[in-house]
Amino acid sequence: MKVLVMYVDEFGYTPQVKNLESAEDITEGATFNDAILAFIQVEESDEEKDVKSREKKLVNHLKWTARKNNCKRVILHSFAHLSDSKASVEFTKELFDLAEERLQNAEFETAQTPFGYFLDLNIKAPGYSLARIWATL
């Protein structure tokens, strides 16, 4: 799994193109302030491991990043452009849902960008060291 995490002062998205037929129809966007934005690429090799172990590793990384940025809001964004390897849609979605639930149980506000869409993105991010962290998990 590859993860690019950014602390954002502001993040917004608007759905543009549905690229997964089974995705629910979504037309409205959303905007968030003071959040950790996680661009996540779940890879094929992740499916060889238990989804719960992958979810725990992801959440621990996101919680660490949030603490370093004094933030309690996390946005999960499926971003299949960090690696050539891609996990199945089903595995990826399950991992995202489990991670979101674990974060909520730890008293984080959470959101997921619409799964199965290309989105217009608006990102305002400050330029300091821990505002951007890339990791292979």
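On inspection, S78 passes the criterion of being hydroxyl-bearing (S, T, Y) and within 20 Å of E55 (Cα to Cα).
Of all residues in the stretch 76-83, at least one satisfies being hydroxyl-bearing (S, T, Y) and either modelled with pLDDT under 95 or surrounded by 16 or more Cβ atoms within 10 Å (Cβ to Cβ) (or both). The set of residues from the stretch 39-76 being touching a residue at least 60 places away in the same chain (Cβ under 8 Å) and either touching a Gly at 6+ places or on another chain (Cβ under 9 Å) or closer than 29 Å to F118 by Cβ (or both) comprises R54, K57, L58, H61, T65, N69, C71, I75.
Taking first residues from the stretch 120-137 that are under 28 Å from N19 (Cα atoms) and partners that are of a type outside the set (D, E, K, R) and in a helix (DSSP H, G or I), the Cβ contacts under 8 Å between residues at least 6 apart in sequence or on separate chains come to A125/A131; I133/T65; A135/H61; L137/L58; L137/H61. Note on the stretch 81-132: residues that are of a type in the set (V, I, T) and farther than 21 Å from S53 by Cβ total 2. Is it the case that the stretch 86-96 has a residue that's out of contact with any helix residue (DSSP H, G or I) (no Cβ under 9 Å at 6 or more places or on another chain), surrounded by fewer than 19 Cβ atoms within 10 Å (Cβ to Cβ) and either at pLDDT 95 or above or not in a helix (DSSP H, G or I) (or both)? Looking for residues that are out of contact with any helix residue (DSSP H, G or I) (no Cβ under 9 Å at 6 or more places or on another chain), surrounded by fewer than 19 Cβ atoms within 10 Å (Cβ to Cβ) and either at pLDDT 95 or above or not in a helix (DSSP H, G or I) (or both), one finds none in the stretch 86-96, hence no.
When the residues of the stretch 10-34 are filtered to those that are over 16 Å from the mean Cα position of the chain (by Cα) and of a type in the set (D, E), the one that is surrounded by the most Cβ atoms within 10 Å (Cβ to Cβ) is E24. Here the stretch 110-130 is the region considered, the condition is being more than 21 Å from M1 (Cβ to Cβ) and either part of a helix (DSSP H, G or I) or among the small types (G, A, S) (or both), and the residue that is nearest to the chain's Cα centre (by Cα) is A125.
The values are calculated or read from the model by the stated rules, or taken from the named source; none is laboratory data. Just so we're clear, the structure is a prediction, and the values are computed from it rather than from any experiment. All Cβ positions, even for glycine, are placed from backbone atoms using ideal geometry, and neighbour counts span all protein chains on display.
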